[in-house]
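The values are calculated or read from the model by the stated rules, or taken from the named source; none is laboratory data. This structure is a prediction, so every number in the text was calculated from the model and none was measured. Here the Cβ is made from the backbone with ideal geometry for all residues, glycine too, and neighbour counts use every protein chain on show.
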Amino acid sequence: MSGDILFLSHRMPFPPDRGDKIRSHHVLRKLATLGPVHVATFADDDRDIAEEVELASIARSYRLIRRVKPLIVAGLQSILRHQPVSIPAFYSSEIAAYVAQVIAEHGISVIYAFSGQMGQYIPDDFDGQVIFDFVDVDSAKFDAYADKANGLRRWLFSREARLLAAEEIRLARRVDVSLLVSFEEAELFRERLPSGARDQCDVRALRNGIDSRFFDPAAVVPAPDLSKYPGPRLLFAGQMDYAPNVEAALRVINRLLPAIRARLPDTTFHIVGRNPDEELLNHSGKGGVVVWGGVDDMRSYLAAADLALVPLEIARGVQNKVLEAMAMALPVVATGDAAMGIGAQDGRHLLIADSDQDLIDEVISLATDGQRRTLIGAEARRFVLNHLSWQATLTPLVDMLSAPPTSARDVA
């Protein structure tokens, strides 16, 4: 590869403390080993801004913009422009000007765009290579939201799904390579393309990895404040204002935990992650539920738990919360959607169940069998070490960036 790389990301890749930022963080670091990288990205909060020094240390140049546009404004703009809400929500004239300047002045040969919101910044006349990391199929996620909603929310979610699907098709036709986080997600993306585009568009999987040297149970002390609970201690980790995570946690609180505590009265359910939803906070301290919010070191809480319970009903792509638990040798009970794309074997590396009763049964079985918990946790960590290091999962990027750009693209 010759020339510089332009990396576009809808969220600041530092700190890597949530699923999308973990992936963008490691992709950016890999790209920086292959050539000079220029970065255009958005900060959500002061914590992101505080990491600007990290961004400056890796980027040849960058533009970091604090995203402050209210959602209602983005919604109105989306209606006027017949766009998905996420497009105007992530539009910045400063980012657009920076992209034009960098392309003009720095001999950009590759644009790597991370997440569908950033497609609007790829110039139609850019003749270098474009790699687009969709991560997962956003339109399918909003279809799932619509299926579970009613009234106005159903209409809003259906509209977003329809317009996102059109944007995904446009971008897949425009770029050289479309990346998804798993083989299953790539196949779903391919199936949702028009029949004429499926053979023309290069759709591939670029799997998530895990830093198993960081997520190592031997490297941390279990959190004393969680360890004091008698157990079994069930844990759910994630960004806790994200709707699918909130729904999964409420599923445990309302439908799973009461039945588990009827058999194992000392069972506690621990929700660990930033910005917990108000409804979750209202349950904290009641019926075995403990909401911790954001913590300094997630590893110590994973080390203090007895098992991770991940009953997601809407899940796209690979769940980092599952990978992190497995790397920490914490046995996982998860739905099939939550385990998708990891490649782990049910019954050996983790336990998969989908119905409420099956989830309850698997949790009780595992919670009452310490030897089996230890064995599954050890097998999970071994699987991660052997198959899911970031070094291994990002190796295909080298070949992608060495390939010449597609000679003709459909930019209509």
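Of a type in the set (Lys, Arg) and closer than 15 Å to Leu309 by Cβ, is that true of Arg382? It is false that Arg382 is of a type in the set (Lys, Arg) and closer than 15 Å to Leu309 by Cβ.
Here is a yes/no grid of residues against (1) in contact (Cβ under 8 Å) with a residue 12 or more places away in the chain; (2) buried (at least 19 other Cβ atoms within 10 Å of the Cβ); (3) out of contact with any Leu (no Cβ under 6 Å at 6 or more places or on another chain):
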site: Asp138; (1), (2), (3): yes, yes, no
site: Gly151; (1), (2), (3): no, no, yes
site: Glu167; (1), (2), (3): yes, yes, yes
site: Arg170; (1), (2), (3): yes, no, yes
site: Asp176; (1), (2), (3): yes, yes, yes
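Within the range 59-88, restricting attention to residues that are under 19 Å from Val37 (Cα atoms) and under 22 Å from the mean Cα position of the chain (by Cα), which residue is surrounded by the fewest Cβ atoms within 10 Å (Cβ to Cβ)? Going through the qualifying residues, I end up with Ile65. The number of residues in the range 275-326 being small (Gly, Ala, Ser), within 22 Å of the chain's Cα centre (by Cα) and within 18 Å of Ile260 (Cα to Cα) comes to 1. Looking across the range 211-230 at every residue that is modelled with pLDDT of 95 or more and of a type in the set (Asp, Glu), the one that is farthest from Met326 (Cα to Cα) is identified as Asp225. If you filter the range 85-104 down to residues that are at pLDDT 95 or above and not hydrophobic (A, V, I, L, M, F, W, C), you find that the one that is farthest from Asp4 (Cα to Cα) is Pro88. For beta carbons closer than 8 Å, sequence separation of 6+ or different chains, a first residue in the range 82-110 that is in the same structural domain as Ala165 (by TED's automatic domain parsing) and closer than 12 Å to Tyr62 by Cα and a second that is assigned to a helix (DSSP H, G or I) and polar (S, T, N, Q), there are no qualifying pairs. Looking at the range 242-250, is at least one residue in contact with a helix residue (DSSP H, G or I) (Cβ under 6 Å, 6 or more places away or on another chain), closer than 23 Å to Gln319 by Cα, surrounded by fewer than 22 Cβ atoms within 10 Å (Cβ to Cβ) and touching a residue at least 40 places away in the same chain (Cβ under 8 Å)? Within the range 242-250 (the criterion being in contact with a helix residue (DSSP H, G or I) (Cβ under 6 Å, 6 or more places away or on another chain), closer than 23 Å to Gln319 by Cα, surrounded by fewer than 22 Cβ atoms within 10 Å (Cβ to Cβ) and touching a residue at least 40 places away in the same chain (Cβ under 8 Å)), the answer is no, since none of the residues qualifies.
There is no residue in the range 272-294 that is more than 30 Å from Phe214 (Cβ to Cβ) and touching a residue at least 60 places away in the same chain (Cβ under 8 Å). Of the residues making up the range 49-67, those that are assigned to a helix (DSSP H, G or I) and in contact with a strand residue (DSSP E or B) (Cβ under 8 Å, 6 or more places away or on another chain) are Ile49, Glu52, Leu55, Ala56, Ile58.
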